[in-house]
Structure formats: C-alpha cells, structure tokens
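All remarks here apply to the structure that follows.
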Amino acid sequence: MEQLVQKIRNRYGYAWTVLRGLVKTDFKLRYQGSFLGIAWSVLKPLMMFCVMYVVFGKFLRMSDGTSTYPVVLLLGISSWQFVTESTNVGLRAVVDRGDLLRKVHFPNYIVVVSATIGALIGYAINLVVVLVFALISGVRLTWRVVLLPFNIVELYAVTLALTLLMATMYVYFRDIAHIWEVLQQLVFYSMPIIYPLTYVTDRGGWIANAARLELLNPFAQTIQDIRHNFIAPETQPTIWNQFGNWGVRLFPIALTVALLWLGIYLFRRNSRKFAEVM
C-alpha cells in the first residue's frame, strides 16, 4: 500500500513539476523581445476596449444607460480575451511541443493545460485592472463577489474543454486553426459582450426571447454571471434571473461538464498516436 501511495505521489509530483516549468517558460516567452513585456497582457484588452467603447458605446449608442457600462464592457472583453488566448495557443500546443513530447515522457495533456494556465494568469492580472477601474468609477461591490471564483472555474472548464478538442483535431487537421480564427469572431460578435443584452431584450417579442437563448451558450452564461456578480447585479441579466425553469438554468453547466468529459476522453484516446502522426 505504501509503495502504491509513493508511486502515485511520484507520478503526480513529476507531472506538477513539468506543468509548473512549462507555465513559467511559456509566460516568459510570450512577450520576449517586446519593449513593454508583460504589460501587453493588460494593454491589449484595454486598447480593444477603447475601440469598442467608442464605436459601439458612443457612435452606435449600444449602452445599458448606466455609469457602470464601461467597466462591464472592459470585463467582458477581458474575459473573452482569456478564451481566445487559451484556445489560440492551446490548440497548437501538442504540435508546437512535438519535439519535447518525443524526447521527454510526461502526459501530453500538460502542454495544453500549461497554455490555458498561462492565459489564466494574464486574466487574473486583467481582473485586478478591472477592479481598479470599478473602484474609480464608484462601483459598490456586493456579497455576490464571493461567487466569482465559481464563475471563473466554469469559464476555465469550458475553455479547457474546447481547447482539448481543438488540440486533438489540430494534430490531424491543421485547418482547424484557420476555421477557429473565423468562428471566434462570429461567436464574439454574436454574444452580448460588446453590446448589452438589454439592448435586444428591451425590444420585446420574439427578438427578446431569441436573445435570451444566447445565455444557453456556456461562454455567454459565464461572462454574464461574472459581470453580474463582480460589477452590476442590478443591471446585468443572467440565466438565473431570465429563466424560471431549473432545467434551462442548469443547461450551460451540464453542457460544460459534457464538453469537458468529451475533450478529456478524445484527447486521452488519441494522445498515444500523436507522436506517430506528427
């Protein structure tokens, strides 16, 4: 029994050491050679926020009419930036680390997880920036902030699930990267990130009902929950206050669990063939 316990400790201890080393290396190399370095992890969403706020908030008047809207917009863009950074780097992780995987024996999933954790670190930095902007803007934090870690865990889980699926497919089909590059733009503009959901739901009728269905998307649901619990619980519609049926409310969470299981299953099933295919 003691030998079994020691074997498990050695196995997972080694995996943790490799994961920690890859995360540090990836994070250092991500901005290597740039003058501003790690500051780009904050500047990129801030620059995108400025563009989106001017275009959609000022010119197109897509706003919820509250003083918290700019912070809500920044939080949404930062959250989606985490998703895109995780998937764009993670889907190539197995192929990019192919030489390392052939030379050193460790679980292949670690290279994908390390890419998502690197993006998660950048997301954490952005959340601090959002908090500063929120305090400057006079946002009053509520008890719902304690729910924020659960929302972030769900966002990470669905992002990791998608990344594992695409990393598996990318080994066989390099076109996945180009397809996802187009799809992520489609998903971004179709979700209530750059425009408030109330901009559509206030119109009423079937358009409002169709807009609420966007919350069945786990990405839209988690980002709205993060905005609701962190910044504006009074103005941000979520799946919890838009639907009374618990089956509908739990659908995005169930879909996240199913996608994560599918991603892990397909990745593990094909991981032994990765070296041969590459």
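Couple of notes before you dig in:
- Accessible area of segment 138-243 belonging to carbon and sulfur atoms, whole % at 1.4 Å probe: 66
- Sorted largest first by accessible area at a 1.4 angstrom probe radius, with every protein chain in place, the residues LYS44, LYS273 fall in the order LYS273, LYS44.
- Rg(Cα) / (2.2 N^0.38 Å) computed for segment 92-245, rounded to two decimals: 1.24
- Cβ crowding within 10 Å averaged over residues, with 247-260, 112-125, 148-161 ranked highest first: 112-125, 148-161, 247-260
The values are calculated or read from the model by the stated rules, or taken from the named source; none is laboratory data. All values reported here derive from a predicted model rather than from experimental measurement. Because the Cβ atoms are built from the backbone with ideal geometry, glycine has one as well, and the counts that use them run over all protein chains shown. Heads up: the accessible areas ignore ligands, DNA and RNA and are worked out on the full protein's heavy atoms, side chains in. Shrake-Rupley method; radii C 1.70, N 1.55, O 1.52, S 1.80 Å.
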